[in-house]
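The structure under discussion appears below in the form of structure tokens.
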Amino acid sequence: MKYFFFLVLCGLPLTSVAQKMVIGTSQSFRQTQGRPYEYADSVWVDSSRLTLFYRHERMVDSTDRTMRWSLIRMRIGEGFAQQTDMHIYLGNRRLCAMVRNQDMLPLDYIGRFGDNNPPYWADMILDRRKREMKITCCNFYSSAGPLTYREDMPELTWDLLDGTEEVCGYECHMAQTSFRGRIWKAWYSTELPINLGPWKLSGLPGLILKATDRQGAYSFVCTEILSNPEPIYEYIPRSANVVSRKDYLRYEKLYHKDPQYVIAEGEEIFVLRNDQQGLTEFDEFWEIPYNPIELE
């Protein structure tokens with residue numbers, strides 16, 4: 001079967017017209033984001049003793065340094081810690097409500113929590129005793145649901161540096177590490193003696209409240225800290241693909257390097273665009289800018 005895709009430069013949203021699909025403009029594909037997915041259930045795993053919110057910024061296109069952001073909620077309990085991208089979480093709730101014909105959250109409300117879904121991380125549960133993480137990642141255009149993988153909590157080697165900075169009302173010390181192809185600088189507070197941090201960053205003698213990579217492509221900055229207990233739930237996707245971390249990274253790279261293949265789920269496709277000469281075949285070597293948080 002052959003698929004015919006049209007890039008219409010008038011900026012139409014993703015929609016289906018007869019046997020043909022309209023995908024908006026080529027520019028829309030320069031800002032990758034993950035697809036919302038349904039929850040089948042939620043399971044209580046722990047109660048938090050600390051809740052933090054981080055503003056997470058990422059550079060989706062290093063050629064024009066386009067930045068996108070979302071708010072990360074981190075809940076830390078005795079046995080488990082959870083990090084949830086709130087923009088994705090609320091988008092998922094909106095999708096669940098739509099499927100069940102319930103009242104949906106307004107899009108402008110969801111927009112207060114970010115402007116883009118980072119595909120590489122929607123939800124992360126850390127078993128602090130086993131030191132094992134379960135990570136759920138959004139899919140792209142496949143209807144097969146999100147991807148999940150497990151990995152041991154990384155062992156990072158940090159260099160403690162001179163200098164302090166106040167973050168969210170706490171005096172923080174500086175440290176630096178190399179992790180999966182990026183150099184990270186972090187600011188941690190010994191007033192909060194928990195060796196965790198945003199994303200997969202951890203292992204310092206205090207909670208990491210701020211982290212940036214050397215290229216300025218990724219950052220996490222704590223904006224709020226709450227001490228009231230809250231339940232920690234593991235959100236169970238309705239349909240998920242269990243993969244390894246390396247399998248996920250290969251899929252992520254394939255989507256950016258050969259998006260036509262991923263969008264058509266293996267079928268042969270033609271991507272066309274509208275220009276002054278009418279409809280012409282789109283460049284078969286079309287790629288989406290690829291600037292992953294994990295380079296190796």
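The values are calculated or read from the model by the stated rules, or taken from the named source; none is laboratory data. Values in this document were obtained by computation on a predicted structure and should not be read as measured data. With ideal geometry, Cβ positions are generated from the backbone for all residues, glycine too; neighbour counts draw on all protein chains shown. Quick note on the areas: whole protein, heavy atoms, side chains included, nothing else; ligands and nucleic acids left out. Shrake-Rupley method; radii C 1.70, N 1.55, O 1.52, S 1.80 Å.
Quick notes on this one:
- Extension gain for Asp41 to Lys257 (0.36 nm times residue separation, less C-alpha to C-alpha distance): 74.3 nm.
- Accessible-area ranking of Met104, Met86, largest first, probe 1.4 Å: Met104, Met86
- Stretching the chain fully between Val99 and Glu234 yields a gain of 46.5 nm (0.36 nm per residue, less the alpha carbon separation).
- Rg/Rh ratio calculated on Cα atoms of segment 42-125 (Kirkwood radius): 1.03
- Overall form of segment 80-133 per C-alpha gyration tensor (a/c, 1.5; a/b vs b/c): prolate
- Accessible area per residue (1.4 Å probe, heavy atoms of protein chains only) ranks Arg93, Arg214 as Arg214, Arg93, with the largest value leading.
- As a ratio to 2.2 N^0.38 Å, the alpha-carbon radius of gyration computed for segment 139-189 takes the value 1.72.
- Virtual spin-label span in nm between Arg129 and Glu294, 7 Å along Cα→Cβ: 2.6
- Pair Arg180, Asp115: separation of 7 Å Cα→Cβ label points (nm): 2.6
- Shape class for segment 129-259, computed from the alpha carbon gyration tensor (a ≥ b ≥ c): prolate, with a/c not under 1.5 and a/b above b/c.
- Computed with a 1.4 Å probe on the full set of protein chains, the accessible area for Tyr89 sits at about 40 Å².
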